[in-house]
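The values are calculated or read from the model by the stated rules, or taken from the named source; none is laboratory data. Model, not experiment: these values are computed from the prediction. As a convention, Cβ positions derive from the backbone with ideal geometry for all residues, glycine included, and neighbour counts pool all protein chains shown. The protein model used for the area step is the full one, side chains on, heavy atoms only, and it has no ligands, DNA or RNA in it. Shrake-Rupley method; radii C 1.70, N 1.55, O 1.52, S 1.80 Å.
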Amino acid sequence: MTDVYLSGQLVCRNSDEVAIVVQHLDRHVTLTRAEPGCVSFSVTPAEDPLVWQVEEHFSDPDAFRLHQDRVAGSIWGQATVGIERRYTIVGI
């Protein structure tokens, strides 16, 4: 199987969206890193205080899809649904 890599940015419009990310991020990272097939996962602040750098590595497309499905229904997914994502995905 082919590894899947996601790289990009989570781009907040304002400090309210930043507060949402800060409130939910630790739990989101913990849950994601515990998923089967998650090789690495990080969401870190960028130089711009409204932007977060996102780096994901999953062992195969199935693990990545399961992650995406879990996130869509999670508290993180619901809380951040309106925040812009600028992602590139390789391996799928």
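Determine whether Asp48 is without any contact (Cβ under 8 Å) to a residue 12 or more places away in the chain and of a type outside the set (Lys, Arg). Give the steps one after another, and end with the answer.
Values: without any contact (Cβ under 8 Å) to a residue 12 or more places away in the chain: yes; of a type outside the set (Lys, Arg): yes.
The answer is yes for Asp48.
Scan the stretch 24-42 for residues that are surrounded by fewer than 18 Cβ atoms within 10 Å (Cβ to Cβ) and either of a type in the set (S, T, N, Q) or on the phi > 0 side of the Ramachandran plot (or both) and jot them down.
Thr30, Ser40, Ser42, listed by residue number.
Being among the polar types (S, T, N, Q), under 23 Å from Gly91 (Cα atoms) and at pLDDT 95 or above is the filter here; which residues of the stretch 1-38 pass it?
Here is the first cut: in the stretch 1-38, the residues among the polar types (S, T, N, Q) are 2, 7, 9, 14-15, 23, 30, 32.
Subsequent filtering for residues that are under 23 Å from Gly91 (Cα atoms) retains 2, 7, 9, 32.
Matches in the stretch 1-38: Ser7, Gln9, Thr32.
Note down all Cβ pairs under 7 Å where the first residue falls in the stretch 11-35 and is within 13 Å of Trp52 (Cα to Cα), the second is modelled with pLDDT of 95 or more and open to solvent by 80 Å² or more (accessible area, probe 1.4 Å), and they're at least six residues apart or on different chains.
Every condition considered, the pairs that remain are Val11/Glu84; Val11/Arg86; Val18/Pro49.
Do we have Val11 as farther than 15 Å from Val71 by Cα, more than 13 Å from the chain's Cα centre (by Cα) and not small (Gly, Ala, Ser) here?
Values: farther than 15 Å from Val71 by Cα: yes; more than 13 Å from the chain's Cα centre (by Cα): no; not small (Gly, Ala, Ser): yes.
Considered against the rule, which asks whether it is farther than 15 Å from Val71 by Cα, more than 13 Å from the chain's Cα centre (by Cα) and not small (Gly, Ala, Ser), Val11 comes out as no.
Has the stretch 47-61 got any residue that is among the acidic types (Asp, Glu) and outside any loop (DSSP other than H, G, I, E, B)? Lay out the reasoning, then the answer.
Pass one, the stretch 47-61, residues among the acidic types (Asp, Glu): 47-48, 55-56, 60.
Filter once more, so that each one left must be outside any loop (DSSP other than H, G, I, E, B): 55-56.
The answer is yes, given that some residue of the stretch 47-61 is among the acidic types (Asp, Glu) and outside any loop (DSSP other than H, G, I, E, B).
I'm trying to understand the selection: among the residues of the stretch 65-87, which are small (Gly, Ala, Ser), closer than 16 Å to Trp52 by Cα and surrounded by 13 or more Cβ atoms within 10 Å (Cβ to Cβ)? Working first, answer last.
As a first pass, look at the stretch 65-87 and keep what is small (Gly, Ala, Ser): 72-74, 77, 79, 82.
So of that shortlist, the ones also closer than 16 Å to Trp52 by Cα come out as 77, 79, 82.
If the condition is that a residue be small (Gly, Ala, Ser), closer than 16 Å to Trp52 by Cα and surrounded by 13 or more Cβ atoms within 10 Å (Cβ to Cβ), then Gly77, Ala79 are the ones that fit.
From (1) out of contact with any helix residue (DSSP H, G or I) (no Cβ under 8 Å at 6 or more places or on another chain); (2) assigned to a helix (DSSP H, G or I), pick out the condition that doesn't hold for His67.
Against the list (1) out of contact with any helix residue (DSSP H, G or I) (no Cβ under 8 Å at 6 or more places or on another chain); (2) assigned to a helix (DSSP H, G or I), His67 comes up short only on (1).
Do you know which of the residues in the stretch 43-64 that are among the charged types (D, E, K, R) and open to solvent by 40 Å² or more (accessible area, probe 1.4 Å) is nearest to Ile89 (Cα to Cα)? Steps first, answer last, please.
If we filter the stretch 43-64 for residues that are among the charged types (D, E, K, R), which is where we start, we get 47-48, 55-56, 60, 62.
Within this subset, residues satisfying the condition of being open to solvent by 40 Å² or more (accessible area, probe 1.4 Å) are 47-48, 55, 62.
Working: Glu47: 22, Asp48: 22, Glu55: 10, Asp62: 14 Å.
Among those residues, the one meeting the criterion is Glu55.
In the stretch 13-23, what count of residues is obtained for those that are over 13 Å from Val43 (Cα atoms) and open to solvent by less than 80 Å² (accessible area, probe 1.4 Å)?
Of the residues in the stretch 13-23, 4 are over 13 Å from Val43 (Cα atoms) and open to solvent by less than 80 Å² (accessible area, probe 1.4 Å).
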